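K.L.:
Sharing a structure, written as C-alpha coordinates. Questions coming.
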Amino acid sequence: MERPTVGVEEEFLVVDERGHLSYEGGDLAAADVDDGELQRELVSCQVEVTTPVCADATEVRERLAELRGEVAANAHAKGLRLVPSGTPVLAQSEQPEITRKSRYQRIAEWYGDLALTSNTCGCHVHVGMPDRATGIAVSNRVRAWLPVLLAMSANSPFQHGRDTAYHSWRYLLWNRWPTAGPPPVFDSLDHYDSSVDAMTRAGAMLDGNMVYWDIRLSDHQPTLEFRIADIMATADETALIAGLVRGLVSTALDEAGSSQDTPVPLEVLRANLWRAARTGLAGETLHPVSGALVPVWSQVADLVDHVRPALRADGDMDVVESGVAALRAAGGGATRQRDSWARRRRLVDVVDSLALPVGTAAGE
(Lines give C-alpha, C1' and ligand atoms only; values in the text may rest on other atoms or scores of the structure.)
Protein backbone atom coordinates (compact mmCIF):
# COMPACT_ATOMS: atom_id res chain seq x y z
CA MET A 1 0.00 0.00 0.00
CA GLU A 2 1.22 3.49 -0.84
CA ARG A 3 2.29 5.33 2.31
CA PRO A 4 0.33 8.48 3.17
CA THR A 5 1.88 11.91 2.68
CA VAL A 6 2.12 14.48 5.48
CA GLY A 7 2.14 18.26 5.78
CA VAL A 8 2.14 20.76 8.65
CA GLU A 9 0.75 24.21 9.44
CA GLU A 10 2.35 26.18 12.30
CA GLU A 11 0.92 29.36 13.85
CA PHE A 12 3.25 31.91 15.47
CA LEU A 13 2.71 34.98 17.62
CA VAL A 14 4.20 38.20 16.23
CA VAL A 15 5.87 40.31 18.94
CA ASP A 16 7.94 43.48 19.06
CA GLU A 17 11.45 43.78 20.45
CA ARG A 18 10.10 44.00 24.01
CA GLY A 19 8.05 40.82 23.59
CA HIS A 20 4.60 42.42 23.37
CA LEU A 21 2.14 41.44 20.65
CA SER A 22 2.47 43.31 17.37
CA TYR A 23 -0.35 43.60 14.84
CA GLU A 24 1.81 43.40 11.74
CA GLY A 25 1.15 39.76 10.96
CA GLY A 26 -0.54 40.73 7.71
CA ASP A 27 2.59 42.52 6.51
CA LEU A 28 4.74 39.48 7.32
CA ALA A 29 2.31 37.16 5.54
CA ALA A 30 2.74 39.20 2.38
CA ALA A 31 6.43 38.27 2.21
CA ASP A 32 7.72 35.48 0.00
CA VAL A 33 9.26 32.27 1.34
CA ASP A 34 10.84 29.39 -0.51
CA ASP A 35 8.99 26.08 -0.83
CA GLY A 36 6.10 26.88 1.52
CA GLU A 37 3.39 29.40 2.30
CA LEU A 38 2.82 32.26 4.72
CA GLN A 39 -0.79 33.06 5.58
CA ARG A 40 -2.75 35.62 7.57
CA GLU A 41 -4.72 34.48 10.58
CA LEU A 42 -7.96 35.68 12.21
CA VAL A 43 -6.08 37.90 14.68
CA SER A 44 -3.43 40.12 13.10
CA CYS A 45 -0.80 39.37 15.78
CA GLN A 46 -0.33 35.92 14.25
CA VAL A 47 1.10 34.41 11.08
CA GLU A 48 0.90 30.86 9.77
CA VAL A 49 3.61 28.84 8.03
CA THR A 50 2.58 25.93 5.81
CA THR A 51 4.92 23.25 4.50
CA PRO A 52 4.53 21.68 1.07
CA VAL A 53 3.32 18.08 0.92
CA CYS A 54 6.09 15.95 2.45
CA ALA A 55 7.02 12.30 2.03
CA ASP A 56 7.98 11.73 5.66
CA ALA A 57 8.71 13.33 9.04
CA THR A 58 12.34 13.95 8.11
CA GLU A 59 11.23 16.16 5.23
CA VAL A 60 8.76 17.92 7.55
CA ARG A 61 11.61 18.74 9.92
CA GLU A 62 13.83 20.02 7.11
CA ARG A 63 11.12 22.17 5.53
CA LEU A 64 10.03 23.64 8.86
CA ALA A 65 13.61 24.47 9.85
CA GLU A 66 14.03 26.35 6.57
CA LEU A 67 10.67 28.11 6.78
CA ARG A 68 11.15 29.10 10.40
CA GLY A 69 14.53 30.61 9.52
CA GLU A 70 13.08 32.56 6.59
CA VAL A 71 10.10 34.01 8.44
CA ALA A 72 12.31 34.86 11.43
CA ALA A 73 14.58 36.82 9.09
CA ASN A 74 11.57 38.57 7.52
CA ALA A 75 10.32 39.54 10.97
CA HIS A 76 13.76 40.69 12.12
CA ALA A 77 13.99 43.05 9.15
CA LYS A 78 10.86 44.80 10.48
CA GLY A 79 12.04 44.89 14.09
CA LEU A 80 9.76 41.98 15.00
CA ARG A 81 10.11 38.44 16.33
CA LEU A 82 8.10 35.25 15.98
CA VAL A 83 7.27 33.31 19.13
CA PRO A 84 6.17 29.65 19.10
CA SER A 85 3.91 29.70 22.15
CA GLY A 86 0.31 28.55 22.26
CA THR A 87 -0.75 31.70 24.13
CA PRO A 88 0.69 35.22 24.58
CA VAL A 89 3.12 35.27 27.50
CA LEU A 90 3.16 38.97 28.43
CA ALA A 91 0.25 41.11 29.58
CA GLN A 92 -1.31 43.27 26.86
CA SER A 93 -2.91 46.70 27.24
CA GLU A 94 -4.48 46.76 23.77
CA GLN A 95 -7.40 44.76 22.45
CA PRO A 96 -6.44 42.33 19.66
CA GLU A 97 -7.10 43.42 16.08
CA ILE A 98 -9.03 41.27 13.63
CA THR A 99 -7.28 40.86 10.28
CA ARG A 100 -8.87 42.99 7.58
CA LYS A 101 -10.26 40.22 5.44
CA SER A 102 -13.96 39.94 4.66
CA ARG A 103 -14.34 36.42 6.03
CA TYR A 104 -12.53 37.28 9.26
CA GLN A 105 -14.64 40.42 9.68
CA ARG A 106 -17.79 38.31 9.33
CA ILE A 107 -16.51 35.89 11.95
CA ALA A 108 -15.73 38.75 14.34
CA GLU A 109 -19.18 40.29 13.85
CA TRP A 110 -21.06 37.03 14.48
CA TYR A 111 -18.93 35.56 17.31
CA GLY A 112 -18.08 38.79 19.14
CA ASP A 113 -15.50 38.58 21.90
CA LEU A 114 -14.97 34.88 21.22
CA ALA A 115 -13.12 35.91 18.06
CA LEU A 116 -11.25 38.73 19.80
CA THR A 117 -9.84 36.36 22.42
CA SER A 118 -8.76 33.66 19.96
CA ASN A 119 -5.13 34.71 19.63
CA THR A 120 -3.89 31.18 20.32
CA CYS A 121 -1.37 29.27 18.23
CA GLY A 122 -1.63 25.62 17.27
CA CYS A 123 0.07 23.11 15.01
CA HIS A 124 -2.01 21.21 12.46
CA VAL A 125 -0.83 17.97 10.87
CA HIS A 126 -2.39 16.88 7.56
CA VAL A 127 -2.17 13.26 6.43
CA GLY A 128 -3.20 12.26 2.93
CA MET A 129 -6.40 10.22 2.57
CA PRO A 130 -7.61 8.14 -0.38
CA ASP A 131 -11.17 9.38 0.19
CA ARG A 132 -13.33 11.14 2.79
CA ALA A 133 -15.08 7.98 4.02
CA THR A 134 -11.72 6.44 4.84
CA GLY A 135 -10.86 9.60 6.77
CA ILE A 136 -13.93 9.15 8.99
CA ALA A 137 -13.02 5.51 9.68
CA VAL A 138 -9.46 6.51 10.61
CA SER A 139 -10.65 9.31 12.90
CA ASN A 140 -12.88 6.86 14.77
CA ARG A 141 -9.93 4.51 15.30
CA VAL A 142 -7.28 6.98 16.46
CA ARG A 143 -9.23 9.58 18.49
CA ALA A 144 -8.51 7.84 21.84
CA TRP A 145 -4.80 8.74 21.48
CA LEU A 146 -5.47 12.49 21.27
CA PRO A 147 -4.72 13.19 24.99
CA VAL A 148 -1.22 11.72 24.62
CA LEU A 149 -0.50 13.95 21.61
CA LEU A 150 -1.83 16.99 23.47
CA ALA A 151 0.33 16.27 26.54
CA MET A 152 3.43 15.84 24.37
CA SER A 153 2.89 19.14 22.55
CA ALA A 154 1.60 21.27 25.47
CA ASN A 155 3.36 24.64 25.27
CA SER A 156 1.10 27.34 26.71
CA PRO A 157 1.31 27.66 30.50
CA PHE A 158 1.20 31.48 30.59
CA GLN A 159 -1.55 33.81 29.40
CA HIS A 160 -1.18 37.60 29.41
CA GLY A 161 1.24 37.75 32.34
CA ARG A 162 -0.23 34.96 34.49
CA ASP A 163 0.62 31.32 35.13
CA THR A 164 -2.64 29.52 34.29
CA ALA A 165 -1.70 26.32 36.20
CA TYR A 166 -2.24 24.43 32.92
CA HIS A 167 0.32 23.00 30.53
CA SER A 168 -1.90 23.77 27.52
CA TRP A 169 -4.10 26.77 28.22
CA ARG A 170 -4.50 27.17 24.47
CA TYR A 171 -6.54 23.98 24.35
CA LEU A 172 -8.98 25.28 26.96
CA LEU A 173 -9.34 28.64 25.22
CA TRP A 174 -9.84 27.15 21.77
CA ASN A 175 -12.51 24.74 23.04
CA ARG A 176 -14.88 27.64 23.68
CA TRP A 177 -15.73 27.56 19.97
CA PRO A 178 -19.01 25.65 19.45
CA THR A 179 -17.43 23.37 16.82
CA ALA A 180 -14.20 22.61 18.70
CA GLY A 181 -13.15 19.71 20.91
CA PRO A 182 -12.73 15.98 20.38
CA PRO A 183 -14.48 14.54 17.33
CA PRO A 184 -17.57 12.39 17.86
CA VAL A 185 -17.68 8.84 16.54
CA PHE A 186 -19.40 8.93 13.16
CA ASP A 187 -21.31 5.99 11.71
CA SER A 188 -20.59 7.06 8.15
CA LEU A 189 -19.55 9.93 5.91
CA ASP A 190 -23.22 10.89 5.63
CA HIS A 191 -23.40 11.14 9.43
CA TYR A 192 -20.37 13.47 9.41
CA ASP A 193 -21.72 15.65 6.61
CA SER A 194 -25.21 15.87 8.10
CA SER A 195 -23.71 16.94 11.45
CA VAL A 196 -21.66 19.66 9.76
CA ASP A 197 -24.75 20.80 7.84
CA ALA A 198 -26.83 20.99 11.03
CA MET A 199 -24.15 22.99 12.85
CA THR A 200 -23.99 25.40 9.92
CA ARG A 201 -27.77 25.86 9.91
CA ALA A 202 -27.61 26.48 13.67
CA GLY A 203 -25.09 29.28 13.11
CA ALA A 204 -22.34 27.52 15.08
CA MET A 205 -20.16 27.77 11.97
CA LEU A 206 -20.23 30.00 8.91
CA ASP A 207 -18.61 27.57 6.47
CA GLY A 208 -16.93 24.17 6.25
CA ASN A 209 -13.56 25.59 7.28
CA MET A 210 -14.95 26.32 10.75
CA VAL A 211 -15.15 22.64 11.69
CA TYR A 212 -12.68 22.91 14.56
CA TRP A 213 -12.72 19.36 15.93
CA ASP A 214 -9.35 18.00 17.05
CA ILE A 215 -9.53 15.71 14.01
CA ARG A 216 -11.46 16.78 10.93
CA LEU A 217 -11.71 16.24 7.22
CA SER A 218 -9.93 19.11 5.52
CA ASP A 219 -12.38 21.38 3.72
CA HIS A 220 -10.02 22.07 0.81
CA GLN A 221 -7.46 19.24 0.68
CA PRO A 222 -7.69 15.41 0.43
CA THR A 223 -6.38 15.03 3.98
CA LEU A 224 -7.33 14.18 7.51
CA GLU A 225 -6.28 17.11 9.69
CA PHE A 226 -5.14 16.74 13.31
CA ARG A 227 -5.60 20.05 15.19
CA ILE A 228 -4.79 18.79 18.68
CA ALA A 229 -1.26 20.17 19.20
CA ASP A 230 0.01 23.47 20.56
CA ILE A 231 2.60 25.20 18.41
CA MET A 232 5.85 23.66 19.60
CA ALA A 233 9.11 25.41 20.34
CA THR A 234 11.25 23.51 17.84
CA ALA A 235 10.95 22.00 14.38
CA ASP A 236 12.23 18.73 15.84
CA GLU A 237 9.26 18.52 18.22
CA THR A 238 6.83 19.28 15.41
CA ALA A 239 8.40 16.54 13.28
CA LEU A 240 8.01 14.14 16.21
CA ILE A 241 4.27 14.82 16.46
CA ALA A 242 3.90 14.68 12.67
CA GLY A 243 5.63 11.28 12.63
CA LEU A 244 3.41 9.91 15.41
CA VAL A 245 0.25 11.24 13.76
CA ARG A 246 1.17 9.67 10.44
CA GLY A 247 2.06 6.47 12.28
CA LEU A 248 -1.39 6.40 13.87
CA VAL A 249 -3.05 6.96 10.50
CA SER A 250 -0.91 4.34 8.75
CA THR A 251 -1.64 1.83 11.51
CA ALA A 252 -5.38 2.47 11.22
CA LEU A 253 -5.20 2.06 7.45
CA ASP A 254 -3.19 -1.15 7.76
CA GLU A 255 -5.79 -2.52 10.21
CA ALA A 256 -8.80 -1.54 8.10
CA GLY A 257 -11.47 -4.22 8.29
CA SER A 258 -10.18 -5.74 11.54
CA SER A 259 -12.19 -5.75 14.75
CA GLN A 260 -12.17 -2.52 16.73
CA ASP A 261 -12.51 -1.88 20.45
CA THR A 262 -15.52 0.04 21.73
CA PRO A 263 -14.81 3.74 21.05
CA VAL A 264 -14.11 5.99 24.03
CA PRO A 265 -17.32 7.91 24.85
CA LEU A 266 -17.17 11.57 23.88
CA GLU A 267 -17.65 12.82 27.45
CA VAL A 268 -14.81 10.58 28.72
CA LEU A 269 -12.48 11.67 25.93
CA ARG A 270 -13.26 15.32 26.65
CA ALA A 271 -12.48 14.82 30.35
CA ASN A 272 -9.24 13.05 29.50
CA LEU A 273 -8.19 15.86 27.16
CA TRP A 274 -8.85 18.36 29.97
CA ARG A 275 -6.59 16.27 32.20
CA ALA A 276 -3.85 16.22 29.54
CA ALA A 277 -4.08 20.00 29.15
CA ARG A 278 -3.91 20.45 32.90
CA THR A 279 -0.89 18.26 33.73
CA GLY A 280 0.93 17.67 30.43
CA LEU A 281 3.77 15.18 30.24
CA ALA A 282 4.34 15.43 33.98
CA GLY A 283 0.93 14.01 34.85
CA GLU A 284 -1.37 11.05 34.40
CA THR A 285 -4.29 10.47 32.06
CA LEU A 286 -6.63 7.60 31.27
CA HIS A 287 -4.94 5.03 29.07
CA PRO A 288 -6.59 4.89 25.62
CA VAL A 289 -6.82 1.08 25.72
CA SER A 290 -7.13 0.03 29.38
CA GLY A 291 -8.86 3.15 30.71
CA ALA A 292 -6.61 3.08 33.80
CA LEU A 293 -5.12 6.30 35.16
CA VAL A 294 -1.40 5.95 34.35
CA PRO A 295 1.58 8.29 33.78
CA VAL A 296 1.61 9.97 30.39
CA TRP A 297 5.20 8.92 29.74
CA SER A 298 4.21 5.25 29.90
CA GLN A 299 1.50 6.00 27.35
CA VAL A 300 4.07 7.67 25.09
CA ALA A 301 6.01 4.39 25.13
CA ASP A 302 2.81 2.45 24.41
CA LEU A 303 1.97 4.79 21.54
CA VAL A 304 5.39 4.28 19.95
CA ASP A 305 5.01 0.52 20.34
CA HIS A 306 1.52 0.67 18.82
CA VAL A 307 2.70 2.45 15.68
CA ARG A 308 6.20 0.94 15.44
CA PRO A 309 5.52 -1.23 12.35
CA ALA A 310 4.05 1.80 10.55
CA LEU A 311 6.95 4.01 11.60
CA ARG A 312 9.38 1.53 10.10
CA ALA A 313 7.36 1.23 6.89
CA ASP A 314 6.99 5.03 6.65
CA GLY A 315 10.68 5.71 7.37
CA ASP A 316 9.89 7.75 10.49
CA MET A 317 11.37 5.51 13.19
CA ASP A 318 14.59 7.51 13.69
CA VAL A 319 12.77 10.86 13.86
CA VAL A 320 10.31 9.58 16.46
CA GLU A 321 12.81 7.73 18.64
CA SER A 322 15.27 10.63 18.71
CA GLY A 323 12.41 13.09 19.26
CA VAL A 324 11.01 11.18 22.22
CA ALA A 325 14.49 10.91 23.77
CA ALA A 326 15.09 14.65 23.35
CA LEU A 327 11.67 15.50 24.80
CA ARG A 328 12.29 13.28 27.82
CA ALA A 329 15.69 14.89 28.42
CA ALA A 330 14.55 18.52 28.01
CA GLY A 331 11.01 18.29 29.37
CA GLY A 332 7.83 19.40 27.66
CA GLY A 333 7.40 22.89 26.25
CA ALA A 334 5.30 24.13 29.18
CA THR A 335 7.86 22.89 31.68
CA ARG A 336 10.65 24.65 29.79
CA GLN A 337 8.67 27.90 29.73
CA ARG A 338 8.22 27.73 33.50
CA ASP A 339 11.91 26.94 33.96
CA SER A 340 12.82 30.05 31.95
CA TRP A 341 10.60 32.15 34.18
CA ALA A 342 11.88 30.62 37.42
CA ARG A 343 15.51 31.61 36.86
CA ARG A 344 14.87 35.36 37.32
CA ARG A 345 11.06 35.48 37.66
CA ARG A 346 10.85 37.57 34.47
CA LEU A 347 8.30 36.65 31.82
CA VAL A 348 10.29 38.49 29.19
CA ASP A 349 12.91 35.76 29.63
CA VAL A 350 10.28 33.25 28.54
CA VAL A 351 9.66 35.21 25.35
CA ASP A 352 13.40 35.52 24.70
CA SER A 353 13.88 31.77 25.16
CA LEU A 354 11.13 31.00 22.63
CA ALA A 355 11.68 33.60 19.89
CA LEU A 356 12.87 32.05 16.64
CA PRO A 357 16.58 32.70 16.08
CA VAL A 358 17.74 34.62 13.04
CA GLY A 359 20.58 33.45 10.83
CA THR A 360 20.33 29.71 11.56
CA ALA A 361 17.96 26.89 10.73
CA ALA A 362 15.37 27.96 13.27
CA GLY A 363 13.94 25.40 15.62
CA GLU A 364 16.83 22.96 15.55
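The values are calculated or read from the model by the stated rules, or taken from the named source; none is laboratory data. Just so we're clear, the structure is a prediction, and the values are computed from it rather than from any experiment. Backbone-built Cβ (ideal geometry, glycine too); neighbour counts: all protein chains shown. To get the accessible areas, we keep the full protein, side chains included, count just its heavy atoms, and leave off ligands, DNA and RNA. Shrake-Rupley method; radii C 1.70, N 1.55, O 1.52, S 1.80 Å.
K.L.:
Out of (1) under 19 Å from the mean Cα position of the chain (by Cα); (2) without any contact (Cβ under 8 Å) to a residue 24 or more places away in the chain, the odd one out for residue 269 is which?
P.N.:
(2)
K.L.:
Please work out if residue 86 is crowded, with 16+ Cβ neighbours inside 10 Å and assigned to a loop (DSSP other than H, G, I, E, B).
P.N.:
yes
K.L.:
While we're on this one: Cβ-Cβ below 8 Å, separation at least six or inter-chain, first residue in the stretch 165-178 and in contact (Cβ under 8 Å) with a residue 40 or more places away in the chain, second of a type in the set (Asp, Glu): which pairs?
P.N.:
Qualifying pairs under 8 Å: 168/230; 170/230; 171/230.
K.L.:
In the stretch 145-155, is there at least one residue being in contact with a Leu (Cβ under 7 Å, 6 or more places away or on another chain) and farther than 19 Å from residue 332 by Cβ?
P.N.:
No, the conditions are met nowhere in the stretch 145-155.
K.L.:
Next question, about the same structure. With the structure loaded, tell me whether residue 207 is of a type in the set (Asp, Glu), over 25 Å from residue 277 (Cβ atoms) and either out of contact with any Lys or Arg (no Cβ under 9 Å at 6 or more places or on another chain) or open to solvent by 50 Å² or more (accessible area, probe 1.4 Å) (or both) or whether it fails that test.
P.N.:
For residue 207, the condition - of a type in the set (Asp, Glu), over 25 Å from residue 277 (Cβ atoms) and either out of contact with any Lys or Arg (no Cβ under 9 Å at 6 or more places or on another chain) or open to solvent by 50 Å² or more (accessible area, probe 1.4 Å) (or both) - is not met.
K.L.:
So, one more: Taking the criterion of being open to solvent by 10 Å² or more (accessible area, probe 1.4 Å), in a helix (DSSP H, G or I), over 30 Å from residue 82 (Cα atoms) and of a type outside the set (Phe, Trp, Tyr), would at least one residue in the stretch 160-180 satisfy it?
P.N.:
no
K.L.:
Consider residue 225 against the criteria (1) within 12 Å of residue 127 (Cβ to Cβ); (2) surrounded by fewer than 20 Cβ atoms within 10 Å (Cβ to Cβ); (3) in contact with a His (Cβ under 8 Å, 6 or more places away or on another chain): it satisfies all of them except one. Which criterion is unmet?
P.N.:
The one condition residue 225 does not meet is (2).
K.L.:
Of all residues in the stretch 210-220, how many are of a type outside the set (A, V, I, L, M, F, W, C) and modelled with pLDDT of 90 or more?
P.N.:
Counting residues in the stretch 210-220 that are of a type outside the set (A, V, I, L, M, F, W, C) and modelled with pLDDT of 90 or more gives 4.
K.L.:
Just the residues that are at pLDDT 95 or above, open to solvent by less than 20 Å² (accessible area, probe 1.4 Å) and in a helix (DSSP H, G or I), please, taken from the stretch 313-353.
P.N.:
319, 320, 323, 327, 333, 334, 337, 340, 350, 351
K.L.:
From the residues in the stretch 264-312 that are β-branched (Val, Ile, Thr) and assigned to a loop (DSSP other than H, G, I, E, B), which one is least open to solvent (accessible area, probe 1.4 Å)?
P.N.:
264
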